Structure formats: structure tokens, C-alpha cells
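Peer 1: The structure that follows is given in the form of C-alpha cells.
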Amino acid sequence: MSGALRFSILFARYRHVFALLIAVVTVFFAWQMRHLQVFTQFLDLLPREHPYIRTYEAYRDVYGNANTVVLEVLALEGDIYQPKVIAAIDEATSLLDSSVVAADLMAEPVRSFVEPQSALQRVVHELALAAEHLLASENPGAAETGVDHNLVSSLTHRTARDQQIDADGTLRSPPLVAQLPETPAELSELRERVRRNPSVFGVLVSVDERAALVRASFTESRLDYAALFRHVQQARRSLEARFPVRVFASGQPLLFGWIFAFASEILLVFTLTLLVSVALLWAYLRRFYAILLPLSGAAVNVVWGLGFAGWLGFSLDPLVLVVPMLITARAISHSVQFVERFAEEYERLGDKEQACIQSMAELLLPGTLAILTDCVGLLTIALATIPLIHNLGLLSAFWAASIVVTEMLLNRLLLLYLPAPRQRERHVPRALDGALKGAASLIASRRGAGSVVVVFALIACGAAIAARGVEIGDSRSTTPILYADSPFNRAAAEIEQRFGVIDDLLIVAHSRQPGRVYQPDALELIEELQAVMVADPNAGGSISFLDLLKQTSQTFHNGDPRWATRMQTALEVAAYTFLLETSVPAPGILDPYRAVDQRSLAVRVFYGNHRADSVRAALARLEEFAASERLDGSLAVRLEMPEPGALRRWLAGLLRLLPPPVPRLAVTAYDSKGQARSLPVETGLDESSADGMRVLSRWSSAEHDVVAELRQASRLSRVELWIREFGGDFEHQWSDVWLADGVELRRAGGSIGVVGAAHTEIGASHRAGLAVAVAATFAIVWLSYRSLTVACLLGLSLGVAALAALAGQALLGIALDTNTLPIQAIGIGIGIDYAVYISDRIIRERRRGLARPAAAARAVRTTGLAITFTASTLVVGIVFWIPISSLRFSAEMSLLLMILMTVNALGAVLLVPSLVRLLPDRLAGPFGARQVD
Amino acid sequence: MLDRFICGFALAWLALTPVAAASPEPDLPARIERLARDYPSLLETRETGGVIGVRSFDEDLFGELLDRIRAGAWNSGIDNACRVVFAVFSEEQGIVAAEGRQLLHEVVAAAIASEQIAVLEGLTHVLVAIMDDAISQYSVLAQELLSEKLRCAAISLGNRSLLEAIQTRVDPEREFSGAAPRPPVQGRWPLHRHANLYDIAARGDQVAAVGAFGTVLVSNDAGGSWSPARTGSDATLFAVTHGPGEELWAVGQAGSILHSTNAGASFAASVSPFDRHLFGVFAMGSGSALMVGDYGLQLRAKDGGRSWSCIPRGEDVILGRLVRAGDDAFGVGEFGTLERWPAEGGAPTPGRVLAEPRDPYLFDVWFEPAGRVGLAVGLAGTLLRTVDAGQSWRRVELAFDGNLYAVGGAGQLVVIAGEGGFLAVSRDQGTHFERVASEMPALPLMAVAFSDPVRGYVVGAGGLILKTDDGARSFHAVHPPARR
């Protein structure tokens, strides 16, 4: 008697105990569901360990963050220099600059800002709106937008400044628009002043003068995406109603807003999916329990999954909600396997209890194995350093693992408690059975099996070629999450076309020595960086403190553009900096450009989009520049004596009579591949401290060359110091080494830097994850069946599935990003499920004594039937995303998954049995076994 | 305004640099005693609260002193007199301090007029002492006089040792030593494509445009194709001109000079003895050129820039473009500067602006080939016209009050260009203008050049080069290359 059978018998005997246990755990998770949250935390989308993200986080309070909303105010007729249009720009500015969202606006459903286009959309919209009204809380109260008032820029905002010279030579920077212009003379004067102002013309006012931009940055910690979305949409509506303008709104925070606005549709889709699945299950199986078992199991499974998320405090991103849904679909699929198998056994044995035990025993190994491999695949996405994906990986791994309990055990339990089915014969849909019969006879013949393998090999080759086209990161200029004709994407396209500036890239020129970045050579570096970055055809412009200095110089020389030239000497820089700083009457206006500590200057480059290829091109350009253009200084090391611990103090007291120990310093430089190289350093403390720290004597030029050479050759990523004292009993690791008088270009913030970091991380996670998933699956299967043949067969199946997933993505033009990565990983996991079931069935049939072709054919007609049931149920179940969902992402994902499940089902039903059929005897492993178990 | 600018510098200098270690003349009382012996009644001092100030000053006696300096005299008595006068005047405020400033200018002018190395060396020591006294209010002025006037005189006298002595004193010290100068970015990054362009020269089919990042764009097919010249320099170039034959000059930022003898195929880079910007260049033939620029800088280069002569100038004024007027050169600049430089050499003769309440700031000038009729453009829609070879100028009314940066033409045709993409054309040598409708963005247009009455070019920001093939009836962009 096998272990599986023994367990099944025990399980049947102690059914009450198991029932109680499952009930208790389910109640626990149901209780934990109250902590569940559905929202997106921006920082969760970023790989926190990436150097770009570190730079981003280090400077986001100084130079602003990537949460920028952009409003374009477009004059319906003529240019913006009309009193009503200027008034509209001014009102748009003050609306974005206001930090409170009114309570009555918060009471409005987010969905009410969606404007349906077609009749179907209108129906969906009304239903979603009704759902949202049902779920809405009574009195939400006012909310904060989290706007950073210094990071608002607009023609009429106080941050837009004009430079003027008074008759006595004083430089002043009055606001560009102190009072709204009314008369034609005032308007044309404003036009001339704008044209003269390079930080406004082409940046805040379009070159064709028909539109103006209002930009605002929002502090992450205080940002409520749904509130901000309501606020901006309300502003847009009211401006368009009262002024002769059109208003376009774009920017990352609004994208989240749109996703929230569409989230209620998910409920509709879920409902439809449920109804259709029930109908299909009924059509296939014609049994009450065939519907009850899968659905009850799925329900408990959802409770466990959501409860787990609530328990650990994970928030669910609306976009990846499709993942839990998929896992639930997997649960249903496993359940159908069991139901079908039970029906088969019941037909054979005629006894409910026996049939239950028998089918349970038969499916225990393949079921657990399939779930385990799913789990491994999902756990690999937890390797990602992007918190959202990491958490999702953990959650879905648990969720998938819980299928073992919530479906496999619970199904069996329910069946044990339920009365025996009245009809002994199972219902077999005739058409399906006919098709499978054809497949079985095809496989039974050597030539037929051979042709199946050849066809699949061709498909795999084609998929492999197609899969090379998968892009990492958004492949379209507008967001692929929404349809191209969505208001968000239309606004983004409009702004890109008119201004070319939606996304920005922030580079910080930094030095440890205050004032160093103001030196002429540092400004030269910044000027060249800007020129190189702007030469990129995707770049729309750039601005830095140097531009303000140049502008000051130009203003000082009667507006002569030749004087907008970089300063040559430190004295000149100091003079213009002095003039500029003293001419700004309001605090904070220069904050986006320079830090008060004089250690850094910000360089911003603007882009029209964050398409994967343009981000890659921009960052490659930046890295190339940063690698070859540097201002190195001599290296210095900051040595901060750590506070001694109790033991050390005691030791120090003991050793007081001895001379104080000189820390021994070891410096190791690491290149980007992690190769270490130790650098010779002189040890000794230099007491002339620069900023209250002890500065170790500078490295001589020879050592400096070592580092320079290392940097040049291998892009030195980090320098580590080990300070050893007391002959090595105290070690302190240090990585605070800096170029004492050099300037480094810290990279990179802004939406481009952030997106670029996420892309790099996803690319790495994706490759690592794929390798780990395949290897782990291979190992698990090998250990379970103790057969290399089965492992290879299933590995092959997994490979085809992975290729099919990637090829599908490439053909649909869906890029790998934060949102698609988990789904792709799951798609790969699905590949193995069906194959495990079918190969296990073949092995069992062989053990029962059937010849290999006959065993394969039989597995196709029995297990193959269950596979066809589930696959078709799931495919039909998710088809509703495509017409209903306003999120293009969801629609595309369901299409992708439909392709995947079809390919996988076909692979399991046709390819695996054909391969088994064709295996030579000595390689057949368990498929070749003749003994009866 | 320039004074304010200098004050700004001074304030910034005081605010942002640590106070120098040098102390004010330690032995001032002794020096005053000696002055009383050498030149009694030149300066009587008073002392209030430990500060020595001016009680009376004998201007006539000082005038005599200046005459002696002008005649080539310099001795320890004169040296002492200068030191005391400026030390005491610098303690004063307001009008007296301003007078001291004027006196300092006069002493320098007298010393330069002497054309004696000994005098210049002596004065250099006095000025260095004032410059090093960071508390003196004349410190910055002394540095500028050294840097501008004395350096200029030293160059003209061809005295290298004095030139170097001054140069080492006035070159601002690099605060962060060890920073090696960065190699030119040109060649590593293609920045010339969209660099701002500031000037263009056209002759026949040969066209050359210059601008930021050391950009020189050369076309040998009348703007059909452009190739960037490898100039080996990143300095912004502000002016370009053709010389006789294949000669081509370009000058710009911080005294950068490029000279080509093969129509721009290759350039020899050099730097003028001054690190001031050069805004105008006029080729005199056989490797000589006249160059003008910031702070009234006037230089003559010989042998393609290997030797120099400096023409001293009375007032600090930004000098702009130089163009051909008949056989002579003609230049414009700040404060209504309109000057004819005779072909045979010598000092320029100024023109007058008639019936104009203030001195306009002029950016560019153009003359018809005979050099009689000319037009000058400048700040805030300023448009001046001369019919007497630049001796007198009268305003031409124009319905545009933005800055006009450029004027150019051929025969009866004149085109002016300026701020916000402004372009206007006249077909009667500048009496009447009408705007040229243009689809171009509102970028500043910096220079106009015509090779004949049909073909002409306009350059502007972002690498923009506009061309007309129909006598300024229409313009189309021939540069920069399309981005996408």
C-alpha cells in the first residue's frame, strides 16, 4: 500500500479533526481580512537597493520627487495671451497649489469622473458606479493633496520670475505675473517677457504660444491618490466649464487615480466570471457537487489568501489583483481534476467512500507536486527587491500553497460528508469525448505521435524566436496600462507633442566640500552634461542652476544672448551667484536648483515620455557621460570613531597605560561585478578636521590612480573600508569614502531615473527568476519520481510554456514591467500543472498493466478530459476582461493568459503523451514500468 | 551700470572670499611724512578716530605730477605719492572716494601714455599693493586696471616679462588646485548639432557659422551641407569672418581665437593675451586681424595670432561686431559706440548719433560695399542709419521694441533680425522695413549674412540656420538636422 493511500484512509477516518482544523484556520484568516487594504504605495514600486533609488530617496526632499502632476491649459482659439485664458491658467495654478480636497468632493465616487464612450461602457459604468455607491463610506471628510508649494511651477505662480535691472543697476526678480494682465498692452508685454525667459518659454508656455503648463510635485507620505485624482478632475471640469480652454491632465499620481477609478469594474468581471464558470461546470459535469466543490474550495482559498495579506499588512495593488484571481483559478482547476477523477472512480467502484479514498490517493502526488512547483515559481518573484513584487511573491506563494488544504483536503472532506451521488455513471460531453478519442488514437500511432512532437517543436522554435522581442519596460510612449484613447493617454500624448516635457531625469552634481560644485570646472561639467543629455532626440530640454546664472548674466548685459555664457572664473561665478541669490525675494524659489548646504546642484532633463527604449537610451547616455566625464579629486576617507561599547570601555580602562591604538585601515574597492581589490593606504589620523569629522590623510596620487584606473576599467561601484583595531579584535566596516575635492554626478532621480531603476531590476529578476524556477521544478520532480526522464519531460513542458508566455507577450507587444512580471511568472507555473497530472496518470496506467501507447491514450481520454474542462472554463471565464475592462492592462493580461492556458492544455493533452509514446524503452523510466502497484 | 557691476563684483568678492592676510600699508604715517617733504601741499590729512582722511588735495599739483609721469618719469617719490594718495582716499566715502577712483584712472592713463617700461613697472607695483589690500575699496579697481590697461600697454610695448608679471598677479587663482583642465568635449560628444549659433559669414558658396562649444559649421555648397570643423576647443565663438583667399577667423569666449588658412578645413587655436570675451573680428589680410571685445578690448593680431599689439582705450565699454565699410573696418558697441577703423591703422574715429536722447546699446552694423550707407541695430528696437560713411546716424522708426541683434544685406537689400524670431526686410537700403512672416519658433536670431542679393543666411539659438534663395522673400531652415 502506498503512502498516499495510507494517508487517504487515515484522512477519511479522522475527517472530523481535519474539518475542525480547517474551520479554525479559515475563521482566523477571515478575521484577519479586516486589515486588508487596496492601494498603491509609490515607494513599494521601486527597487530600494538600486543606486538610482538611493539617490532618489536621498534628494527627494531637497529637489522634489517623481510624483508630479502636469496640467496643460490649451486655449480653444488663438494664443494664451487673452485675459480669460491667463485667468484660467492662474486658477489652474491655484487649484494645484491648494493642499486640501474638500469633503463633499471626497464623498463623490472616484468612478463618477470616468466618462464612458460606448453603449457597453455606459452600462459597465452605471453598474460600477452603483457598486461604488454601495461600498462608499458615509462621511469621508476632507483630504490632503500633499502638494509641495515650492515645487509648483506655472506662468502665474510666484516661482515664475522675471529678471529686471533697475535704473541704478540693481537686479530684481519680480514675479512674471504679479497682476493678471487685462489690456492688450499688458498682454503683449507679458508675451515679450515670456519669450525672453528661457526657463518659461518652451517649458511652461508652449513654443506655439497656444498652451501653458502647470506642474506640481506631491510629497509621497502625504499623498492620497484617489483624493488627488478627484481634486484634479474636478479642477479640469470646472475650468473647462468656465473658461474658453481645454485642460489636459497627466502624471504618475493621476495614473494611480485612474486605476482606482476603474477598480470597481473588477467586481463586475469577477461576478461574470463566476456565473459563467458555474454554467460551464454544470454543462460539463452535470453534478451538484461538481459545482459546489470547486466553488466552496475557491471561496475558502480566497479567504485564506486575503486573510494572509491582511495579517502581514500587505496592500494589494489594483493592477495585480489579476494574480490572486489566477491562483483561485488554479484552485478550481485542481478541484475539477479531483471531481472528474472521483466520478471516474465512482463509476468503477460504485462506493462513495472508496471512490473518494481512491481518487484522493491517486491525485495526492501529482496535485501536491503541481502546487509545489507553482509555489517555487511564485517564490522566485519574491527574489525581486521591488517591495511590491517581493510581497506579491510571498503572498501568492502562500496563496498557492494553501490550495493543498483549501481545495485538495476540503474537497475530499465535503465529499465525505455529502450524500453519495444518485447516478453512478459520469456525464461525458459527447463532442469533447469524441475530440479526445481522436487525439488518443492519433497518439497511439507512432507516426501520429511523431507528427505531434514535430508540430510542437516547430511551435517552440517559433516561440523562441518571437520571445526575443520581449521588451523590458513600457514599449509605448503612453502608458500601456490604459488604452491609447483613454483621457490620461490622450492628455499625455497632447502634452508630449506640444511641450515634450512630462517626465524628468534628475542628476545631482555633488561634492563633500561646500562650494566645490560652484567652481567653473564643475559648472563646465554640468553644462556639458546638459548639452549631451539634450542632444538625445527624446529630450525636450534641461534646466540647472547654471542656466539661472547664465540668464542673470544675460539680463545684466541688456539681454544680449551672447552673455548667457558659462562663467570662466570662480570670481565671476561668485558675483553672479550673489546677484541671483539676492535678487530672489521669496524663499524657496531656488530650492529646486541648488541645496542650501552648497554641496550639490540639481540638473534636470525633461522628456516627453518614459518609453522603455527612450529611458534606456537616456540612461545609457547618462552612464556613458558619467563614466568618461568626471571631476576627480584626491580621495579622502571620513573616519568617525564609533561610540565604544561596554566591553571596549572596560578594555580601554584596563589598557589606559598603553598608547592609544591607531586604527588600521584596509581599503577594498569593489567593481560592479563584485571583484575586490585592496588598495594600499597610509594609516594615521589627520587632526585638521573638515566638518567636525576626522579626516584621514589623503591618499597619495599613486593610490588615487589605482582608484581612477579601477573606476575607468570596471565602473567601480563601491569602496569599502575596514578599520581594524587591537590587532583585529574590533572591526568596523566603512563605506563612506568620497572624493574630497572632486565632483560626482549622482544618478538618478526623477521619473526617468526611477523607472529606469525598476526596469534594470525587473530585467535581472526576470532572468534570475526564470532560471531558479526551472531548476527548482526540475529538482522537485526528479526527487518525487526519482526519475530523470519525468523531470526532463516536465522540464520540457515548462520550457515550452515559458517560451509560449514570452512569445505571447512579444506578439501582443506587452513589455515586462512591475505589473506584468508576476503574471508572467505565474503563467510559467501554470505550464507544469497539466503536464504533471497527465504524466502521473500515464505512470499509474502503466502500473495497472496497460501498454505504453494504450496508457497514454487512456490518460488522454480521462485526465485529458479534466484538463480540457478546466482550461476551457478558465479561458471562457476570463474572456470578459477584454470587452469590459477599461484597463488595457487587464484586457491584455487576460488575452495572454487565454493563449497560455490553451497552449498548455494542448501541450499536456497532446505533447506529453506523444513524447511518452515515443520514448525508447531504456529511457522510459517510470513510464516503462510493467509491475502492478 | 558698469560701475554697479563692479560693485557687485566687489561685494561678492568681499562676501565670498576669505579676508586676505595682507594688511593695509603698515608704515602709512612714515609715508605721509615723506610725501610732505617731497610734495608739500599735495595732500593734507586729518585723523578722526584712528582713521586718516583727506583734509585738502591740490589738484593742480597732482596734474603736474601726472605730466611728469606722462613724460616718462618714475621714482621713489612719485611711487610714494601714489601709494599715500590712494591709501588715504580709500578711507573716504562718497564723492571723495569717487574722486580717488578717478585719480587712479588718470594715473594709469598717464603711465600708459608715457610708453616707458620703467613707468609701467613702477605703477604695476603700486597697483599690486592696492589690489592685495583687500580692505581698500580700490582693490578690485586696481586689479581691473592691472588686468586691462597695464596688460594692454605691456602687450603693445612687446614686453613679455612685464606681461607675465601682471598675468601671474591678476589671474584668479584656482581655489582647488590639482584639478587638471578638462580635455575639450568636442570629438567625444556631438554637441555642435544643436549648439547656439552667434555669427555667420558668407562669401560665394563658402559659409561658416560659429557658436557654443567651439562650434564651427562650414559649408562649401552654399548651405546645402554642413560639416563641423574639428577646432580642438570648447570655447564659445562669438564672431567669424572671411579674410582674403582661404583665410577664416573665429573669435570668442575668454579670448579664444581660431585661424584657418584653408577655408575652415583645419584651424589653429590660440588665446589672446587677455582672457576677456572677443565679440568682433575683422580680417586685415596676410594673417593680421583686428579684434574687439569686452571692457574696451582692442587688439591687433599679426602672423595668425603669434604676435600682438593692444590699442588702449579710454573707457570701459563692451565692443561688439566689426564689419567691412568700404576699405575700413567699422565697429559698434555699448553706449552708442559707432567707430570707423581706418584701413591704414591707427585709432578709430567715432561717429555721432543725432537727435537721440540716450546712448543706445548697439549689437550689429552693416554697410553697403562702398561704405557710405550703413545701418546699425541694437537694444529695444534701436535702428540707426547713416548716409555719410558712419559720421552721423539717425534713427529709423520701426514697429518693434524687442532687441535687434543682427543686420546684414547686399546691394539695396537689408535684413534685420532679433529677439523672438523677429525678421524684417528692406529693399531700399534700410529706409523702410517690413516683417518677414516666418513659421520658425520664437528663438533669438543672432546674425545675418548675404553672399549676394539673392542668397542669405540667418543664425540663431539651438543650431538654427535659415537660408533664403529668393532675396529674403522666404526663409527655410537648412540646419540643424532633423531630430527624429
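Peer 1: Given the criterion at pLDDT 80 or above and assigned to a helix (DSSP H, G or I), identify the matching residue among A:V774, A:V790, A:V800. Please lay out each step first, then the result.
Peer 2: On the way: A:V774 fails: at pLDDT 80 or above; A:V800 fails: at pLDDT 80 or above.
Answer to the check: A:V790.
Peer 1: Suppose we filter A:L923, A:L887 for residues that are in contact (Cβ under 8 Å) with a residue 24 or more places away in the chain, surrounded by fewer than 17 Cβ atoms within 10 Å (Cβ to Cβ) and more than 18 Å from A:A440 (Cα to Cα); which single one remains?
Peer 2: When all the criteria are applied, what remains is A:L923.
Peer 1: Of all residues in the range B:252-272, count the ones that are surrounded by fewer than 22 Cβ atoms within 10 Å (Cβ to Cβ) and away from chain A (no Cβ under 14 Å).
Peer 2: 8
Peer 1: Here's something else I'd like to know. Name the one entry in A:E49, A:E77 that is part of a loop (DSSP other than H, G, I, E, B), farther than 29 Å from A:L312 by Cα and in contact (Cβ under 8 Å) with a residue 60 or more places away in the chain.
Peer 2: It is A:E77.
Peer 1: For the subset of the range B:437-449 comprising residues that are in contact with a Leu (Cβ under 7 Å, 6 or more places away or on another chain) and surrounded by 21 or more Cβ atoms within 10 Å (Cβ to Cβ), which member is nearest to the other protein chains (Cβ to nearest Cβ)? Outline the logic, then answer.
Peer 2: Residues of the range B:437-449 that are in contact with a Leu (Cβ under 7 Å, 6 or more places away or on another chain), as a first pass: B:438, B:440, B:443, B:445-446.
Subsequent filtering for residues that are surrounded by 21 or more Cβ atoms within 10 Å (Cβ to Cβ) retains B:445-446.
Numbers: B:L445: 10, B:M446: 6 Å.
Taking the candidates together, the pick is B:M446.
Peer 1: What residue, of A:V177, A:V278, A:V207, A:V214, is within 14 Å of chain B (Cβ to nearest Cβ) and of a type in the set (V, I, T)?
Peer 2: None of the other options fit; the residue is A:V207.
Peer 1: Restricting to the range B:34-93, give me the number of residues that are within 36 Å of the chain's Cα centre (by Cα) and open to solvent by 60 Å² or more (accessible area, probe 1.4 Å).
Peer 2: Residues that pass the stated criteria total 11.
Peer 1: Next question. At pLDDT below 85, closer than 25 Å to B:F400 by Cβ, in contact with a Lys or Arg (Cβ under 9 Å, 6 or more places away or on another chain) and away from chain B (no Cβ under 11 Å): which single residue out of A:D166, A:D162 fits that description?
Peer 2: Numbers: A:D166 fails: away from chain B (no Cβ under 11 Å).
Step by step, each of A:D166, A:D162 is checked, and only A:D162 is at pLDDT below 85, closer than 25 Å to B:F400 by Cβ, in contact with a Lys or Arg (Cβ under 9 Å, 6 or more places away or on another chain) and away from chain B (no Cβ under 11 Å).
Peer 1: Which members of the range A:574-618 meet the condition of being under 13 Å from A:S173 (Cβ atoms), free of Cβ contacts under 8 Å to residues at least 24 places away in the same chain and open to solvent by less than 10 Å² (accessible area, probe 1.4 Å)?
Peer 2: Those that are under 13 Å from A:S173 (Cβ atoms), free of Cβ contacts under 8 Å to residues at least 24 places away in the same chain and open to solvent by less than 10 Å² (accessible area, probe 1.4 Å): none in the range A:574-618.
Peer 1: Being of a type in the set (V, I, T) and open to solvent by less than 10 Å² (accessible area, probe 1.4 Å) is the filter here; which residues of the range A:496-526 pass it?
Peer 2: Across the range A:496-526, the qualifying residues are A:V501, A:I507, A:V508, A:V517, A:I526.
Peer 1: Could you list, in sequence order, all residues of the range A:201-214 that are modelled with pLDDT of 85 or more and part of a strand (DSSP E or B)?
Peer 2: Selection gives A:V205, A:A211, A:A212, A:L213, A:V214.
Peer 1: Hey, another quick one. What pairs can you find where one residue is in the range A:515-526 and more than 15 Å from A:E572 (Cβ to Cβ) and more than 7 Å from chain B (Cβ to nearest Cβ), the other is open to solvent by less than 20 Å² (accessible area, probe 1.4 Å) and of a type in the set (D, E), and their Cβ atoms are less than 7 Å apart, with a gap of 6+ or different chains?
Peer 2: If the second residue must be open to solvent by less than 20 Å² (accessible area, probe 1.4 Å) and of a type in the set (D, E), the pairs left are A:L525/A:E629.
Peer 1: Just give me the residues in the range A:537-585 being within 11 Å of chain B (Cβ to nearest Cβ), more than 22 Å from B:D364 (Cβ to Cβ) and touching an Asp or Glu at 6+ places or on another chain (Cβ under 7 Å), in sequence order.
Peer 2: Correct list: A:R566, A:Q568, A:A570.
Peer 1: Assess whether A:A493 counts as being at pLDDT below 85, surrounded by fewer than 22 Cβ atoms within 10 Å (Cβ to Cβ) and within 22 Å of A:V754 (Cβ to Cβ). Spell out how you get there, then give the answer.
Peer 2: Numbers: at pLDDT below 85: yes; surrounded by fewer than 22 Cβ atoms within 10 Å (Cβ to Cβ): yes; within 22 Å of A:V754 (Cβ to Cβ): yes.
When the stated conditions are applied, A:A493 passes them.
Peer 1: Continuing with the same structure: Determine which single condition A:F606 fails, assuming it passes every other condition in (1) more than 13 Å from chain B (Cβ to nearest Cβ); (2) part of a helix (DSSP H, G or I); (3) modelled with pLDDT of 65 or more.
Peer 2: (2)
Peer 1: Counting just the residues of the range A:518-576 that are assigned to a helix (DSSP H, G or I) and of a type in the set (V, I, T), which one comes out farthest from A:T159 (Cα to Cα)?
Peer 2: So the residue we want is A:V532.
Conditions tested, residue by residue: (1) open to solvent by 40 Å² or more (accessible area, probe 1.4 Å); (2) more than 14 Å from every other protein chain (Cβ to nearest Cβ).
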{"site": "B:T337", "(1), (2)": "no, no"}
{"site": "B:D359", "(1), (2)": "yes, no"}
{"site": "B:G371", "(1), (2)": "no, yes"}
{"site": "B:G381", "(1), (2)": "no, no"}
{"site": "B:L404", "(1), (2)": "no, no"}
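Peer 1: For the range B:462-484, name all the residues that are open to solvent by 20 Å² or more (accessible area, probe 1.4 Å), within 11 Å of chain A (Cβ to nearest Cβ) and among the small types (G, A, S).
Peer 2: Within the range B:462-484, B:G462, B:A482 meet the criteria.
Peer 1: On to the next question. Tell me the helices (runs of 4 or more DSSP H) entirely within the range A:871-933 that contain at least 3 residues that are over 26 Å from the mean Cα position of the chain (by Cα) and more than 19 Å from A:P480 (Cβ to Cβ).
Peer 2: Result: A:888-906, A:912-918.
Peer 1: Can I ask one more? Enumerate the pairs (first residue in the range A:411-439 and open to solvent by less than 100 Å² (accessible area, probe 1.4 Å); second residue anywhere and not in a helix (DSSP H, G or I)) with beta-carbon separation below 6 Å, excluding pairs fewer than 6 apart on the same chain, so at least 6 apart or on different chains.
Peer 2: As it stands, the answer is A:H427/A:R286, since those pairs meet every condition given.
Peer 1: Would you check which residues across the range A:180-200 are more than 14 Å from chain B (Cβ to nearest Cβ) and not in a loop (DSSP other than H, G, I, E, B) and list them?
Peer 2: A:P184, A:E186, A:L187
Peer 1: Considering the range B:415-436 alone, what residues qualify as being in a loop (DSSP other than H, G, I, E, B) and open to solvent by 10 Å² or more (accessible area, probe 1.4 Å)?
Peer 2: Those that are in a loop (DSSP other than H, G, I, E, B) and open to solvent by 10 Å² or more (accessible area, probe 1.4 Å): B:R427, B:D428, B:Q429, B:T431, B:H432, B:F433, B:V436.
The values are calculated or read from the model by the stated rules, or taken from the named source; none is laboratory data. In this text the structure is predicted, and so the values were computed from the model without any measurement. Because the Cβ atoms are built from the backbone with ideal geometry, glycine has one as well, and the counts that use them run over all protein chains shown. For accessibility, only protein heavy atoms count, side chains too; no ligands or nucleic acids. Shrake-Rupley method; radii C 1.70, N 1.55, O 1.52, S 1.80 Å.
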